[in-house]
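Novice: Here it is, the structure in full.
Just so it is clear, none of the values below were taken in a lab; they were calculated from the coordinates. Predicted model only: the values in this text are computed from it and were never measured. In this analysis, Cβ positions are derived from the backbone assuming ideal geometry, glycine residues included, and neighbour counts consider all displayed protein chains.
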């Protein structure tokens, strides 16, 4: 479960991004976060993985109090929460499999074990024929699949996907959505930020809109504003 409890985030004295935001996402569910550019979607994701600290409030991931998590426990959190970053953060001078192996090697996995795991997740995301390609040799959708594979290597309980369809055509966008839904069906919680209205129009999943620092939850065409 992901819980935000009266979370505020300010940058300096003037810029307020989140204002006492509270919401929860059930374990094993799939939820969308929508909002204009600069509304705070990426900030929420960065708070979840302790890349940022809240100005006020608490964030809890299952049994972990993220806000007060000791520094030496942060790597554990980031294995529990796999992140697909908006800019993908792929290394262009490394092959597909090398990009996916890297976080495993940095975490102390043996070479064979890391390679076997990387091959497994790349096959699972449909890239079995692309392991030795470089990112620039791939389509946008294929690069997105590499980023998703890398996020899956530690068997995370949660996947954060920050605008994974942002630069893709509609058909490819729905293919990426199908992949994330298949991951969710295996029990992984998926929290996805998007501005793709066509995806939101067709979903029956939880949708949260962030605007003016607050969360508005949109369920079955009803809007419920969370206290802020």
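Novice: Mark the label point 7 Å from the Cα of residue 212 along Cα→Cβ and return the residues of region 1-17 whose backbone N is within less than 20 Å of it.
Specialist: 6-11, 14-17
Novice: Ok, one more. When only alpha-carbon atoms count, how far does region 82-150 stretch along each of its three principal axes, as whole angstroms with the largest first?
Specialist: That works out to 30, 23, 21 Å along the principal axes.
Novice: Here's a follow-up. Any chance you could give the angle, 0 to 90 degrees and rounded to 10, that helix 111-124 forms with the longest Cα principal axis of the chain?
Specialist: In the chain, helix 111-124 runs at an angle near 70 degrees to the longest axis.
Novice: Shape call for region 1-89 from the C-alpha gyration tensor, a ≥ b ≥ c root eigenvalues: rounded (a/c under 1.5), prolate (a/b greater than b/c) or oblate?
Specialist: Numbers: a/c = 1.35, a/b = 1.20, b/c = 1.12.
Since a/c stays below 1.5, the shape of region 1-89 is classed as rounded.
Novice: Could you tell me the distance between the Cα centroids of region 174-205 and region 77-112, to the nearest Å?
Specialist: 22 Å
Novice: Oh, and also: Need the full-extension length gain, residue 186 to residue 92, defined as separation in residues times 0.36 nm minus the C-alpha distance. One decimal, nm. If you can, show how the numbers build up before the last one.
Specialist: Values: separation 94, 0.36 × 94 = 33.84 nm, distance 3.06 nm.
Extra length from residue 186 to residue 92 when fully extended: 30.8 nm.
Novice: I've got another one for you. When the expected Rg is taken as 2.2 N^0.38 Å, what fraction or multiple of it is the alpha-carbon Rg of region 156-212? Walk me through the numbers before you get to the answer.
Specialist: On the way: Rg = 11.3 Å, N = 57, 2.2 N^0.38 = 10.2 Å.
Cα-based Rg divided by the globular estimate yields 1.11.
Novice: Find the relative contact order for the chain and round it to a whole percent, using C-alpha pairs within less than 8 Å whose residues are 6+ positions apart.
Specialist: Worked out over the chain, it gives 29 percent.
Novice: Using every Cα-Cα pair within the chain, state what percent have a distance larger than 24 Å.
Specialist: Considering the chain, 44 percent of its Cα-Cα pairs are separated by more than 24 Å.
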